[in-house]
Amino acid sequence: MPRNTSQSTSALHRAARTLPVLLLAAFAACTSLTPTQRPVTTGDTAGLEQRARAAVDAGNFSAAAELYTQLAMASSGSARIDYLLRSAQSAADYGDTALARRRVGEARNGASVAQQQTSSVLLARLELAEGRPQAALDMLAALPQALPQQVQRDAAAVRGQALFRIGRPVDAVRTLVEREVWLEDADSIVANQRMIWDGFRGLPAPPPTAPTGDAVVDGWLALAPLTASTGPELRRSLLGWRQQYPSHPAAAGLLAELLAAQRSGAFPSQIAVLLPLSSPQTRAVALAIQDGFMAAHLRNSSNADTSVRVYDSARLGSSEAYLQAQLDGADFIVGPLMGPEVDQVIAQAGFVPTLALNYATTETPFLRSFYQFALSIEDEARAIAAAAIASGAKSAVAFVPSNQRGYQIRDNFQAAFEAGGGKLVDWFGYEPTLQDFSQPTATLLNVRRSTERHRRLAANLGEPVQFEARRRDDIDMIFAIVPDDRTGRLIASQLRFFGAGDIPVYANAAIFDPGKTARDNDLNGFIFADTPALLAPSPDASALRGDLQTFWPQRASLSRFYGMGFDAYGLVASLFASDGTALSMRGLSGDLSLDAQGRVRRVLPLAQFRGGRPVALDDELSRPSGSQGLIGQR
């Protein structure tokens, strides 16, 4: 394949941006600085240096070169040389090799040994930029072998590119693979991998594929023929390559960037949805999500050219369904649904933007273009903590299921509540199948301690003592994590029995079953966080509920998942067009945003059971006084 000069120069510039600032020195004739502005005083240097760094970060290398020149004029000694070398670096970054050489010459006198060494690396880079790769290699060969690590990294970048230029791709790959070991951040690693890819693209013919015995080098050589592919052919080839080299460094870095660069338009042309439709345990939820997703798709006439293909992850297996969706040409994948399924596909993600419909069950580092969306109880716990703090609550106790999930939610609530200035003073873990909450409630409210004190007093006096058990008075709220409304009613009855009906009680959304039409006076006073689709209907939410009542009345209890599917479609547009960092969307599942780990977080409204029905609390009423949280009202 003929060498593409513009691509090669562009690749050189991209590589240069990832190299930490190259210090320059030692070159031919020394010339004097030619200031273009007034001399800079020492007091100006801090602000100028900040501006210069900002110019480099913004890619404005011409401005950076000028600013570093001004800084050199205001400095002396080693600092002056450093600024000159940075100016030369910036000049090289925007392709002005003549200016870069002048600045190196100006830095010649007084350069330290380290500055001379790094200067030689820059001069070799300039030789390469001017089309003399062998001269660049000769200059690098003259350097001592024992170099500072930064100089080694910079020299290896130039050496690798020069080796590609003179037709020694195997040696070039070895050099750049070794260089990657010294890199620490993901952007630098991907840029290093891009050098190898661009080096292959500049070759007149693919390199030999005879195995070298080095699995990483061999993987790169097997990737070389793919550089001539584009579009769907490139995707299929890359997927096949990754199956052969699943643990290769490029599988998690460069390949995702290559495919992302091919995406165009504001919305994908083909979406794959992975749901466990044939699973008896999850079919109902999967259907509700699918229906919500398709409802949103059909309402967006502007996306009429987009096709949606649904894959049954229960029948195919999540990993196989995920791979097949990519092979079929999906531009965006939604799913899978279950946490363990997310764990399985995240290991092979990175090629196609993906919105998983649950959180991974294990902690994983952020993977570019892989996002996770769940109807998480943690979001409800944060909303409750915020509302309780806003109401003036300072102390809380909690009922939680005695399992790992219950403890996770407790910890999440505690962190949010205490971050707002509150204190979780006590908690009790109960068995989820418990039918009688009298003992847990008495324990949590310290009624048992009061009873025990009475017994000790009666025993010491040797005669009956008139007694009325008293519950603790050091709490402002109770947080109950419940699996369903039945558990909420059992807890409510015991709280009334033990005289805690004046304490506001907050619960998660599971306490409300939207499929039930009968009034539930036992839950009066309970405050809970839930989706806007149920508590604060917008036109879309009202239409959603109307659709459910008209077409799927038996699915009313699954309306949260219908809304989740509806929102997933809206998230696709935001995540496909950008990296999602500025995501801010008001959906049926909450006010949605993206955290640093790629997880969609929800801000939720609150409601309170009154007259047996949930009543949405507006901003004012979401700060309930003690009288508003009475579970004793029936």
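What ranking of E380, E257, E418, E66 emerges when the number of other C-beta atoms within 10 Å of each C-beta is taken as an exposure proxy, fewest first?
Ranking E380, E257, E418, E66 by Cβ neighbours within 10 Å, fewest first, gives E418, E257, E66, E380.
What's the ranking of 400-409, 214-223 by average number of surrounding C-beta atoms within 10 Å, highest first?
214-223, 400-409
Determine, for each peptide in 323-335, 340-352, the mean count of other beta carbons within 10 angstrom over its residues, then list the peptides with the highest first.
My ranking of the peptides, most packed first, is 323-335, 340-352.
Along the charge dipole of the range 86-201, pointing to its positive end and built from +1/-1 on Cβ of Lys, Arg, Asp and Glu, which listed residue (A91, S188, A135) has its Cα farthest out?
The residue sitting farthest along the positive end of the dipole is A135.
Read the figures in this text as sums done on the coordinates, not as results from a lab. Bear in mind the structure is a predicted one, so any value in this text is a computation, not a measurement. Positions of Cβ are generated from backbone atoms using ideal geometry, with glycine treated the same way; all protein chains shown enter the neighbour counts.
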